[in-house]
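All remarks here apply to the structure that follows.
The values are calculated or read from the model by the stated rules, or taken from the named source; none is laboratory data. Small disclaimer: the values here were computed from a predicted structure and weren't measured. Methodologically, a virtual Cβ is constructed for each residue, glycine included, from the backbone with ideal geometry; neighbour enumeration extends over all protein chains shown. Remember, those area values only see protein heavy atoms, side chains included, never the ligands or the DNA or RNA. Shrake-Rupley method; radii C 1.70, N 1.55, O 1.52, S 1.80 Å.
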Amino acid sequence: MASLSTPAIVLRAVNYGEADRIVTLLGRDTGRLSALARGARKSQKRFAGGLGLCAVGVASLRERAGAELLTLEGFDATGGHSALGADIGRMAHAAYAAELCSKLCAPRQVEVAVYDWLAEFLAYLDLEGASAERLRVFELGLLGGLGFGPAIAACAVCAGASHAGRDASAVAFRWDADRGGAVCAGCARGGRPITAAARAALLHLAGLSLGAAFREALAPDVNRDCREALAEIINHHVGGPLKSVEFIAKLSAASSGGRP
Amino acid sequence: MYASPIARLVQQLAKLPGIGEKTAARLAFHILRASAEDAAVLAAAIVEVRQKIRFCSICCDLTEADPCAICRDQRRDGSLCCVVAQPQDVVAIERAGGYRGRYHVLHGVLSPLDGVGPDDLRVPELLRRCGDGTVAEAILATSPSVEGEATAVYLAKLLRPLGVRASRIATGVPMGGELEYADQVTLARAIDGRREM
């Protein structure tokens, strides 16, 4: 039975039995995997710093013959995101990012760039707080990194061939998650309208770094359109609503504020 | 395939947290092997707990009599209210001794991945208690996890306008622990949470 060690981020941990936990990790060298952490709720020695939401550390794992679930023998937290619990917005964005990775990353498929993207996002979240624009940049980067990135600049179907020679800004587009994003009027068979401002904003955000995204400030209606457009793409790939999105909606209802 | 009464029992037991189908079957066969009297006592205990246990109308802890024994106890300091996530946390603090205030049980913490939002917790009851002027300090004793911290921060924001002092339980190096062996996160928290002597 092979032992392995990898930098990892805790995507989810659920209690199991008397004192165990089943942990979903995104390992830099292993991809997403689930492991049984025996005695995790009692032992502060093997799981120093805890196995909390988005904890970053080095995981020591052991594969079990014939078992899909690995054994987590130890988790050494290398740096806690201590500010994630400092406000609900930070926690909600961290949980959303973790849930997205958990749902979109294939099991045991090494995705170093995705791991680094999530680690960078969490570090910025910890340092500077929650920002809707940065969350959009994270979504776009994650989708792109996993090969699910939506077509934004050109039609997902014809890549611009059906309106060649025409001014691209004069072409009407629709948004169709089933067909991969923006679809020109000539190719559209369904979907819904997307404003030129939302498409331009998505295109702009797709080119931004996570650091630069914090300085962006989209108009509320453009932010809403971008959020809804990306949510359609994400739901298409995930196949159902995310719990963390429901949580964010509950928070918005409680505070009557805008959704992140 | 099991006979239908066994299958029904296995199905019901498998609904319990941490119990899979195999464990449920093991428990079902244990019940079958037990005496009829033991099985009846178990069944009666399950029925009784559902019939007799309710929420305390003051602190929301689980109780047989309403208000609960702690809320009825006049020797307790009513100006101190320790806010915990689960009824088990009340038991843990009581077992430790030393605390003579009262409690409020939230029945959970804010948890995005479980879909638990503010409306799913016993927050309105806490605010009602704190709003009548009897509580001077709320000790926010949720776990030092991301979810526990966020819940404490959220409650503190709601309590401050009511004139209630919100304090947080301390975290850091455990009693008898060695600094040399403490992990980075715990040690950093211990330094942040230092107090003057």
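Observations
- Antiparallel %, DSSP beta bridges [both residues in the protein assembly as shown], to 5: 70 percent
- Helix content alone sets the calculated 222 nm mean residue ellipticity of chain B: runs of n ≥ 4 DSSP H residues at -39500 (n - 2.57) each, divided across all residues, give -13000 deg cm²/dmol.
- Rounded percent of accessible protein surface that carbon and sulfur make up, chain A, 1.4 Å probe: 51 percent
- Calculated FRET efficiency, A:V110 to B:I191, Cβ-Cβ distance, R0 = 30 Å: about 0.25 to the nearest 0.05.
- Residue-averaged beta-carbon neighbours from other chains (10 angstrom radius) around B:152-160: 2
- Listed peptides A:127-140, B:24-37, B:137-150 by packing density, highest first (mean Cβ within 10 Å): B:137-150, A:127-140, B:24-37
- Charge dipole of segment B:4-52 (Cα centre as origin; +1 on each Lys and Arg Cβ, -1 on each Asp and Glu Cβ, all else neutral): 180 debye, rounded to the nearest 20.
- Rounded accessible area per residue of chain A, 1.4 Å, Å²: 43 Å²
- DSSP finds beta bridges in segment B:55-168, and of those with both partners inside it, around 15 percent are antiparallel.
- Distance between the 7 Å Cα→Cβ label points at B:V47 and B:K15: 1.7 nm.
- Measuring r between the beta carbons of A:S82 and A:E246 and using R0 = 25 Å, the FRET efficiency lands at 0.45.
- Highest-first arrangement of B:104-114, A:197-207, where packing means the average Cβ count within 10 Å: B:104-114, A:197-207
- Average partner coverage of A:85-97, which counts Cβ from other chains inside 10 Å: 5
- Rg(Cα) / (2.2 N^0.38 Å) computed for chain A, rounded to two decimals: 1.11
- On the beta carbon distance between B:R76 and A:E18, with R0 = 22 Å, the FRET formula returns roughly 0.10.
- Inter-chain shielding of A:13-20 (mean C-beta neighbours from other protein chains, 10 Å cut-off): 2
- Here the 3J(HN,Hα) profile of segment B:14-20, calculated from phi with Karplus coefficients 6.51, -1.76 and 1.60 at θ = phi - 60°, is 5, 7, 6, x, x, 10, x Hz, Gly and Pro shown as x.
- Note: segment A:1-80, Cα convex hull, 76 Å³ per residue.
- DSSP assigns beta bridges within chain B; of those with both partners inside it, close to 20 percent run antiparallel.
- Probe 1.4 Å, all protein chains present, accessible-area order of A:Y115, B:Y2, B:Y181, largest first: B:Y181, B:Y2, A:Y115
- Accessible area buried by the pairing of A and B, both sides summed with a 1.4 Å probe, works out to roughly 2000 Å².
- Approximate spin-label separation B:Y99-B:E137, in nm, with each point projected 7 Å along Cα-to-Cβ: 1.3 nm
- Placing a pseudo-label 7 Å from each Cα along the Cα-to-Cβ vector at B:R128 and A:A196 gives an inter-label distance of 5.6 nm.
- Close amide H pairs (under 5 Å, H built 1.01 Å from N) link A:R32 with A:G27, A:R108, A:Q109, residues at least 5 positions away or on another chain.
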